[in-house]
Amino acid sequence: MQNLATTRMSSKGQVVIPEAIRKQLNLKEGSQFIVVGEGDVVILKAITAPSLESFDALIQKARQQAKEAGLKRGDIAATVATAREKK
């Protein structure tokens, strides 16, 4: 079910998401969003952390790709050290 509501922007640029929509989307204080603006359209997309299962699958895929590329743990540590030196 789609909720439709209006809201206003404050002088500080803050926008209140109406309560019915917050409840429908289970948005809590501190929720983070990606904000996209084009023309006269503003879109808020809630950012959610991946589940542990999704994160584990992502790590496994990264490890497999690193193995196929011939990377070793030491290579990663060296690359991180180099990147930190450049800051």
**Request:** On a 0 to 90° scale, report how tilted helix 52-68 is relative to the longest principal axis of the chain, with both axes built from alpha carbons and the result rounded to the nearest 10.
**Result:** 40 degrees
**Message:** Testing the spin-label approximation: label points 7 Å from Cα along Cα→Cβ at residue 9 and residue 85. State their distance in nm.
**Reply:** 4.5 nm
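Once the piece of chain linking residue 44 and residue 69 is laid out straight, how much longer is it, given 0.36 nm per residue of separation minus the C-alpha distance between them? Write down the numbers at each step before the final one.
Values: separation 25, 0.36 × 25 = 9.00 nm, distance 3.75 nm.
Result for the pair: 5.2 nm of gain on full extension.
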**Asked** Hey, what's the chain come to in accessible area per residue, 1.4 Å probe, Å²?
**Response** 98 Å²
**Request:** Note the angle between two axes, namely the Cα long axis of helix 73-85 and the longest principal axis of the Cα atoms of the chain, as a number of degrees from 0 to 90, rounded to the nearest 10.
**Result:** 60 degrees
**Solvent-accessible area, 1.4 Å probe, carbon plus sulfur percent, for the chain** = 56 percent
**Prompt:** aspartates and glutamates within cross-link reach of residue 28: Cα-Cα under 14 Å, excluding same-chain residues under 8 positions apart?
**Reply:** 19
**Asked** Roughly how big is the chain's charge dipole about its Cα centre, with Cβ charges of +1 (Lys, Arg) and -1 (Asp, Glu), in debye to the nearest 20?
**Response** 320 debye
**Request:** Calculate the spin-label point distance for residue 78 paired with residue 62, positioning each point 7 Å from the Cα along the beta-carbon direction, and give it in nanometres.
**Result:** 2.0 nm
**Item:** Under the Karplus curve 6.51 cos²θ - 1.76 cosθ + 1.60, θ = phi - 60°, whole-Hz ³J(HN,Hα) for the range 4-18, x wherever Gly or Pro sits
**Value:** 10, 8, 10, 8, 10, 9, 7, 5, 8, x, 8, 10, 8, 7, x
**Prompt:** Which of the aspartates and glutamates could a cross-linker span from residue 67 if the Cα-Cα distance has to be under 17 Å and same-chain partners fewer than 8 positions apart are dropped?
**Reply:** 56, 75
**Request:** Quote the convex hull volume per residue of the chain, based on C-alpha atoms, as a whole number of Å³.
**Result:** 228 Å³
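The values are calculated or read from the model by the stated rules, or taken from the named source; none is laboratory data. The shown structure was predicted, so the numbers you read here are calculated from the model rather than taken from an experiment. FYI the Cβ positions are ideal-geometry reconstructions off the backbone, even for glycines, and counts take in every protein chain you see. Accessible surface is based on the protein model in full, side chains and every heavy atom, while ligands, DNA and RNA are left aside. Shrake-Rupley method; radii C 1.70, N 1.55, O 1.52, S 1.80 Å.
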